[in-house]
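Here the structure comes first, spelled out in structure tokens, and everything after it is commentary.
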Amino acid sequence: MPTPPPTLAHLGPPEGALAPLATVLAHRLRSLVAAIQGNAELLADAVDGEDRDLALHILEGTAAVERVLADLLCYGHRPVSTPFPVPVAAMVAGLPEALGLPAPVRLALDLPPDYRHAADPVLLRQVLVILLQNASEAAPPGAAVDLRVASPGGALTVEVGNDGVVGDPDQMFEPFHTTKTDRLGLGLAIARRAAEVQRGTLTATSERGRVTVRLRLPPASCPAPPHA
């Protein structure tokens, strides 16, 4: 029986060969994109009409490439968690509007008043942004995204659900697994790593045409610094 071809998941964790390669490629390509961007800006200032429109179109393309390279750099960098008592409700409540998501978000908070969880605020927000953006983009037109936040037993759980069809939910977290032609498929891999460095988990389930991604940070996952 022939051996199936290896997938990117066989290359090991980000600390293996894949992450350093992503970092090197991103840095090398960024210098090339910067040169193209600079020349396109000069061209846009020097010409008019269709030629200027073409230059502006090139600039839009370089901006898209920059977003891809930013994902590569983020994936290649191993984050470090710096815990702090995060006011979770305040962080979550303002995100959907701030992100300008294409789908409405139904928010359900089941938290004690003034609840704070020991977490890295930058990494926690990064996970929330990735989950909300992915769910909003995957939701059918007119459908809403459900965002549920709770603190059972002192843990922090965040569930983001949307209607949609996926294959194996575990594949969602594999680097470079994507169904979008303009993306690298690194968002959920980055989000899972951001959860894990905080001793948390990020899992997904798919049932009856609905996808739910669940973040869980355990109680006092990291010792929180005292209030100033």
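The values are calculated or read from the model by the stated rules, or taken from the named source; none is laboratory data. This is a predicted model, so every value here is computed, not measured. Using ideal geometry, Cβ is built from the backbone for each residue, glycine included, and neighbour counts are taken over all protein chains shown. Heads up: the accessible areas ignore ligands, DNA and RNA and are worked out on the full protein's heavy atoms, side chains in. Shrake-Rupley method; radii C 1.70, N 1.55, O 1.52, S 1.80 Å.
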Practice task
Could you state how much accessible area Met91 has, in square angstrom rounded to the nearest 10, with a 1.4 Å probe and all protein chains kept in place?
Solution key: 40
Completion exercise
Given a Förster distance of 30 Å, the FRET efficiency implied by the Cβ-Cβ spacing of Gln171 and Arg78, rounded to the nearest 0.05, works out to 0.85
Exercise for the section: Give the long-range amide H neighbours of Val86: residues separated by 5 or more places, or on another chain, with amide H under 5 Å away, using H modelled in the peptide plane at 1.01 Å from N. Expected result: His117, Ala118, Ala119
Exercise for the section: May I ask you to derive the FRET efficiency for Arg106 and Ile36 from their Cβ-Cβ distance with R0 = 41 Å, giving the value to the nearest 0.05? Expected result: 0.45
Fill in the blank from the handout: Residues whose modelled amide H sits under 5 Å from the amide H of Leu156, counting only those 5 or more places away in sequence or on another chain, are Leu217
Problem - Distance between modelled label sites at His57 and Ser206, nm, 7 Å Cα→Cβ extension - result: 3.6
